[in-house]
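Data first, discussion second: the structure below is written as structure tokens.
The values are calculated or read from the model by the stated rules, or taken from the named source; none is laboratory data. Remember, predicted model here, so these are calculated numbers, not experimental data. Positions of Cβ are generated from backbone atoms using ideal geometry, with glycine treated the same way; all protein chains shown enter the neighbour counts. Calculation scope for accessible area: heavy atoms of the full protein, side chains included, ligands and nucleic acids excluded. Shrake-Rupley method; radii C 1.70, N 1.55, O 1.52, S 1.80 Å.
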Amino acid sequence: MGSYRYCICFTRKFRWNEAQPPEDVKEAFTAYADGGATMGSDHLRRYLADFHADAGDDADAERVMERIRQLRPRMHLAKISRPILALEDFHHFLFSEELNPPLRSQVHQDMTAPLSHYYIHTGHNSYLTGNQLSSDCSDVPIIKALKRGVRVIELDMWPNSTKDDIDILHGRTLTSPVSLLKCLKSIKEYAFFASPYPVIITLEDHLTPDLQAKVAKMVTETFGDILYYPDSDSLQEFPSPEALKKRILLSTKPPKEYLEAKSLEEKDVNSQNGKEPNEEEAWGKEIPDLQTEIEFANKQNESNHTEHSHDEDDSADDDDYQKMRQDSSPEYKRLITIRAGKPKGSLSDALKVDPDKVRRVSLSEQELVKGAASHGAELVRFTQRNLLRIYPKGTRFNSSNYNPYIGWSHGAQMVAFNMQGYGRSLWLMHGFYKANGGCGYVKKPDFLMKTGPDNEVFDPKANLPVKKTLKVKVYMGDGWRMDFKQTHFDAYSPPDFYTRVGIAGVPADCVMKKTKAIEDNWTPVWDEEFTFPLTIPELAVLRVEVHEYDMSEKDDFGGQTCLPVSELRPGIRAVPLFDRKGMKFKSVKLLMRFEFV
């Protein structure tokens, strides 16, 4: 029973009613129990064979039955002490994330192809705790990223104030530094906490040769045998994630001539809008539409035929690289596995494929949008052998993020995100990398790796037929009354929850729909089904958000999750929800059904 104050003088009472199993659950129970009132081990085994065949040993009926009995002590027991399931027990099993998750938990993709064949979970300015201009630099966000399965950590290296050591900070800003050595030690400790597959450290280098030599010493002493670097100056093909298991690699661009960093005055920071994100930004705006961005870039290209330009100092040319080979510390050069840079001239020059060596190229999000409009095929062709890294535009002072699908649909492996930039774009990133057991490496679809007889490659802008249709049914939700205070959503009555369900992917697949709002109920039952035709299901992510309807103010946030469509397990599943920062709620979850047509 819940009590709410009403008009100060009165109290309203609301009884909490546990929701009954949905009709689909009752029908499944009846079908697999052969019409009986209980379900035994043999019945459950048939159900698991049909809907948990990908779970391997986890699908053993006796062990599942025993686990249900542990979670639900009052489960019905026969006289001979053999456990059997009543309808309520079966419903409890289906609504258990532990026993009936929506995704596979194991690495199952081929991990023996070159690195260029995979999307890689990539961070941007991984050391920042907040905004890009005045937040603290620390190893804490690096540790958090590695624990989440991020595989690419970015460090910006600058001389310290006495020019005898190396600091990690966002140069020419008011960010407070953290020492390089501290970051390296934390990377070593947590590199393989969430995944055994390789960690790549991208270094933005602003050091003199003597400090580069010091970096080389720190790196080799810290990482020892787990540091991987090839014998030759350049690679003809990248090694595979499998071959690089439990190894750490370095990737950097040639350093420019050392310039002493000058801190910005506080007034300069304020004049560039370097403020913390407001509640609306933290809550998450809708993701920018990919097609709209590309169409806008097309118009810009038609009116402006200027050469490709760089808006951040994350690029370098071949002449710079040759200068680095002459001027830089030889110990430092030897440790760089993935050479990063950019030839002078146009984007076409930057994307030329060298059959004798592979490399990494970095583009800002604006450069990518322009490139997708005018050089889409070259981007896809380049990423079949080489690595393409995309980074946020420099005006994202509040550490917000961008639409990752422009990069993904053109084969970009390293779509770099601000992991502290909470919002819908980052939720998508979290969901995308739940694929393949959450190991941080997701195999790119075959169509991005194929070249036709006339050298044609996949075109993300092409009108494609529907390849697969996903049906999603949202039955009910529960857990808010355990994880939230009684008056968190509404001071005067229980919450009015509704669910938004949709697809993020290529423009033709993107859509959002929503259920009706269920009034005054902590355990809402929607029982609504949605249909999503998909042209490229391999890249699609299912978006799920729960909100509490508020007539007078902005609707309250009740949880979210994103799930890779290609990995959804068909059938009725328990779907846990996460908070704005991507942390899983203890109890909040939905009961949903997934069906592919």
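If one computes P(r) from the Cα atoms of region 467-556, what percent of pairs lie at distances over 19 Å? When every Cα pair of region 467-556 is considered, 46 percent fall beyond 19 Å. Spin-label model, Lys185 to Asp34: label points 7 Å out along the Cα-to-beta-carbon direction sit 6.5 nm apart. Convex hull volume of the Cα atoms of region 511-597, normalised per residue: 123 Å³.
Using 0.36 nm per residue of separation minus the Cα-Cα distance, give me the extension gain between Asp50 and Asp210 in nm, one decimal.
51.3 nm
Separation of the alpha carbons by more than 21 angstrom is noted, of Lys245/Lys584; Lys182/Lys217; Lys253/Lys444; Lys144/Lys586; Lys357/Lys450; Lys471/Lys514, for Lys245/Lys584; Lys253/Lys444.
Accessible surface computed residue by residue for region 83-166, with neighbouring protein chains in place and a 1.4 Å probe, gives 31 Å² per residue.
For the peptides 226-232, 461-467, 449-455, what is the packing order when you average, over each peptide's residues, the other Cβ atoms within 10 Å and list the highest mean first?
On the way: 226-232: 13.4, 461-467: 11.9, 449-455: 9.7.
Result, highest mean first: 226-232, 461-467, 449-455.
Can you give the convex hull volume per residue for the Cα atoms of region 187-227, as a whole number of Å³?
Working: hull volume 3.0 nm³, N = 41.
Per residue, the Cα convex hull of region 187-227 comes to 73 Å³.
The mean sequence separation of alpha-carbon pairs under 8 Å and at least six residues apart, normalised by the residue count of region 135-236, gives a relative contact order of 33 percent.
With protein chains left intact and a 1.4 Å probe, residues in region 340-383 average 32 Å² of accessible area per residue. Model label sites at Lys245 and Ser587, defined 7 Å from Cα along the beta-carbon direction, differ in position by 4.1 nm.
Taking 0.36 nm per residue of separation and subtracting the Cα-Cα distance, what length does fully extending Val597 through Arg67 add? Please report the intermediate quantities before stating the final value.
Values: separation 530, 0.36 × 530 = 190.80 nm, distance 3.26 nm.
So the chain would gain 187.5 nm between Val597 and Arg67.
Applying 1/(1 + (r/R0)^6) with r as the Cβ-Cβ distance of Thr395 and Glu528 and R0 = 25 angstrom yields a FRET efficiency of 0.05. The calculated pair-distance distribution of region 389-469 uses every alpha carbon pair, bins of 5 angstrom beginning at 0, and gives 3, 12, 18, 22, 18, 13, 8, 4, 1, 0 percent. For region 334-456, the fraction of C-alpha pairs farther apart than 18 angstrom is 56 percent. Placing a pseudo-label 7 Å from each Cα along the Cα-to-Cβ vector at Gln236 and His108 gives an inter-label distance of 3.6 nm. Working ranking of peptides 93-101, 60-68, 537-545 by packing, defined as the average number of other Cβ atoms within 10 Å per residue, highest first, is 537-545, 93-101, 60-68.
Gain on full extension, evaluated as 0.36 nm per residue between Val466 and Ser41 minus their Cα-Cα distance, stands at 149.0 nm. Per-atom-type breakdown for region 375-498 gives carbon and sulfur 48% of the accessible area (1.4 Å probe, protein chains only). Shape annotation for region 445-497: C-alpha extents along the principal axes are 67, 19, 18 Å, from largest to smallest. Enter the Cα centre distance for the pair region 174-204 and region 362-400, rounded to the nearest angstrom. If you average the Cα positions of each part, the centres end up 24 Å apart. If you take the beta carbon distance between Ser161 and Phe447 as r and set R0 to 45 Å, what does 1/(1 + (r/R0)^6) give as a FRET efficiency, to the nearest 0.05? Plugging the Cβ-Cβ distance into 1/(1 + (r/R0)^6) gives 0.30. Simple rule: put +1 on each Lys or Arg Cβ and -1 on each Asp or Glu Cβ in region 58-194, find the dipole, and look at Ser126, Pro83, Tyr190; the Cα lying farthest toward the positive end is Pro83.
Normalised by the number of residues in region 509-597, the mean separation of alpha-carbon contacts (under 8 Å, six or more apart) gives a relative contact order of 20 percent.
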